[in-house]
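The values are calculated or read from the model by the stated rules, or taken from the named source; none is laboratory data. Just so you know, these numbers come straight off a predicted model, no measurement behind them. Note that we place each Cβ from the backbone using ideal geometry, even for glycine, and neighbour counts take in every protein chain shown.
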Amino acid sequence: MTFNHYISSLYGVTLHLPNGSGVKGSRWWVDLSTIEDGNLVSNEWLPSNCYKVIGNGVYTKFWLDKWVGHGILTHRFSRLYQITINKNGSIAEMSKWEWKWSWRRRLLVWEQQLLNTLVNFINRTKFIVSDEDKWSWIAAPEGVYTISSTYKVLRNDIILASNVIFRWIWTSIAPTKVLAFAWRVILNRIPTKDNLFRRGVLQAS
């Protein structure tokens, strides 16, 4: 699960966000994409620290979002996902006081048993139907996302040559422009001659 996926789930739309590469890419978006692509940290840092608090179920996909247990239902109940008709349905679409199932064919005996296991598993989740679905951030108290908590997560996972420099960037009282420049130096985002050649801005003579 990726940053793109979480944003899409949050706003209930499918996004196709650019990876920020290329000459015209936003510098800050390129840096975010670098983290997102797993070049600096494990690509699990975001999903492993988020979970869904279910309200009315409108913005949470039943099979594809992590909302019960430690993973998505597609993985744990892959057989049922293969034969369901409503693969992309939200929780709200799949239930109305009771679960509504749509299968391509009649379930086999062992598949019915698997369905019973699924129902028992998801019924442990309490819905707050008067509220909308929302993400909760595990790494901070009250489930509220903060920059400092993100730093603590990335600090333990990020792959950098100098942890001392990285720590200084996040805690220094230096001017913002100085910190931004230092961050870009570490990420090798300064437009040096080698970088410009690699990105096709300069041509070898």
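Residue by residue, here is whether (1) modelled with pLDDT of 75 or more; (2) acidic (D, E); (3) surrounded by 13 or more Cβ atoms within 10 Å (Cβ to Cβ) holds:
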site: T146; (1), (2), (3): yes, no, yes
site: T150; (1), (2), (3): yes, no, yes
site: I159; (1), (2), (3): no, no, no
site: P175; (1), (2), (3): yes, no, no
site: P191; (1), (2), (3): no, no, yes
site: Q203; (1), (2), (3): no, no, no
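Per-residue answers, yes or no, for (1) more than 28 Å from S95 (Cβ to Cβ); (2) hydrophobic (A, V, I, L, M, F, W, C); (3) surrounded by fewer than 13 Cβ atoms within 10 Å (Cβ to Cβ); (4) at pLDDT below 80:
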site: V109; (1), (2), (3), (4): no, yes, yes, no
site: Q112; (1), (2), (3), (4): no, no, yes, no
site: N120; (1), (2), (3), (4): no, no, yes, no
site: D131; (1), (2), (3), (4): no, no, yes, no
site: P141; (1), (2), (3), (4): yes, no, yes, yes
site: V153; (1), (2), (3), (4): yes, yes, no, yes
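Restricting to region 45-64, name every residue that is under 7 Å from D133 (Cβ atoms) and crowded, with 20+ Cβ neighbours inside 10 Å.
K52, I54, G57, Y59, T60
Which of the residues that make up region 81-114 are in contact with a Phe, Trp or Tyr (Cβ under 8 Å, 6 or more places away or on another chain) and of a type in the set (A, V, I, L, M, F, W, C)?
I83, I85, I91, M94, L114
Out of (1) surrounded by 13 or more Cβ atoms within 10 Å (Cβ to Cβ); (2) assigned to a loop (DSSP other than H, G, I, E, B); (3) more than 24 Å from the chain's Cα centre (by Cα), what's the single condition that is false for F127?
(3)
Would you confirm, using the coordinates I've provided, whether S130 is touching a Gly at 6+ places or on another chain (Cβ under 9 Å) and among the polar types (S, T, N, Q)? Steps first, answer last, please.
On the way: touching a Gly at 6+ places or on another chain (Cβ under 9 Å): yes; among the polar types (S, T, N, Q): yes.
Criteria met by S130.
Going through region 65-105 one residue at a time, which ones are touching a Ser or Thr at 6+ places or on another chain (Cβ under 9 Å), in a loop (DSSP other than H, G, I, E, B) and of a type in the set (F, W, Y)?
W67, F77, W101
For region 40-63, indicate whether the set of residues that are at pLDDT below 55 and under 16 Å from the mean Cα position of the chain (by Cα) is non-empty. I'd like the intermediate steps shown before the answer.
Restricting attention to region 40-63, the residues satisfying the condition of being at pLDDT below 55 are 40.
Those left that are additionally under 16 Å from the mean Cα position of the chain (by Cα): 40.
Yes, because at least one residue in region 40-63 is at pLDDT below 55 and under 16 Å from the mean Cα position of the chain (by Cα).
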